[in-house]
Amino acid sequence: SDKYILSPEILSESLEFLYSPILLKGKVHLFYSPPGVGKSSLIYKVIQNLLRSQRVNRVLCIFSDLDVTNAEFQELVSEFHNPDDVSKSRFIPVFPQKGYFEDLVKSIQDGSLKEQRIDLILIDSLEQFFVLSGKSFFKGIGVFMGILRWLGIFQGVTTVLIHHTNKEGDFAGHSSTFRQADVFYRIRRAGRFKWFGDALKHRGAKLLN
């Protein structure tokens, strides 16, 4: 369709780190590992740094697979969330329920998400988000990834997705998840607050070099 044709100016890629060398501004990132490695702890530490340094205005955290006693999550809620007035919160935790998927997509497409000064969306975890929203992960993930890429290109919003491995320790997901992600990390733990990320795909490789 003609309405999906993009101009060369839009397609010419300008890459900028939001949090070097982990996050690229306006790109879709996927972190995966077996349970218990500490993906959530790692990402929440990064988000805490971004909020404290004012590199992002507000973060929407869609959590469905997180132990809410997680120390890093509790620190973010304590420091950046106002339960009495969400408009004054810089960290906005949401537990998805049926219908939330449609609400999120609508807020992306009509621009209201950006109007709320949301600079980063975290979904923890990706497949469980679909389950709780009443959507089929394998039927909907391809379109959803495209919507998130559109959000980054046209509104500059960065996305971080957390996902698990299967029983064999391999990535458990549709091929479009890997294909449409801009940055794809396999996380390994090396200490209490030390992780290694194997970058299986990184659109910012030319910046890393």
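The values are calculated or read from the model by the stated rules, or taken from the named source; none is laboratory data. Worth saying up front: this structure is predicted, and the values here are computed from it rather than measured. We place every Cβ from the backbone using ideal geometry, glycine too, and count neighbours over all the protein chains shown. Areas reflect the complete protein model, heavy atoms only, side chains present, ligands, DNA and RNA absent. Shrake-Rupley method; radii C 1.70, N 1.55, O 1.52, S 1.80 Å.
Quick notes
- In region 81-113, the residues that are of a type in the set (Asp, Glu) and within 17 Å of Ser136 (Cβ to Cβ): Glu102
- Selection count, region 134-146, where residues are surrounded by fewer than 22 Cβ atoms within 10 Å (Cβ to Cβ) and touching a helix residue (DSSP H, G or I) at 6+ places or on another chain (Cβ under 6 Å): 4
- Residue in region 47-61 that is farthest from Ser125 (Cα to Cα), counting only those that are open to solvent by 10 Å² or more (accessible area, probe 1.4 Å) and part of a helix (DSSP H, G or I): Arg52
- Cβ-Cβ contacts under 6 Å between residues 6 or more apart (or on different chains), taken from a first residue in region 138-161 that is on the phi > 0 side of the Ramachandran plot to a second residue that is part of a strand (DSSP E or B), are absent.
- Identity of the residue in region 192-209, without any contact (Cβ under 8 Å) to a residue 12 or more places away in the chain and over 15 Å from Ser33 (Cα atoms), that ends up surrounded by the most Cβ atoms within 10 Å (Cβ to Cβ): Ala205
- Residue match in region 26-46 (condition: open to solvent by 50 Å² or more (accessible area, probe 1.4 Å), among the hydrophobic types (A, V, I, L, M, F, W, C), in a helix (DSSP H, G or I) and at pLDDT 90 or above): no
- Pairing each residue of region 46-57 that is touching a residue at least 12 places away in the same chain (Cβ under 8 Å) with any residue that is surrounded by 12 or more Cβ atoms within 10 Å (Cβ to Cβ) and assigned to a helix (DSSP H, G or I), provided the two are 6+ apart or on different chains, yields C-beta distances under 6 Å for Gln48/Leu76; Leu51/Phe80; Val56/Leu50.
- Residue match in region 64-75 (condition: closer than 19 Å to Val157 by Cβ and touching a strand residue (DSSP E or B) at 6+ places or on another chain (Cβ under 8 Å)): no
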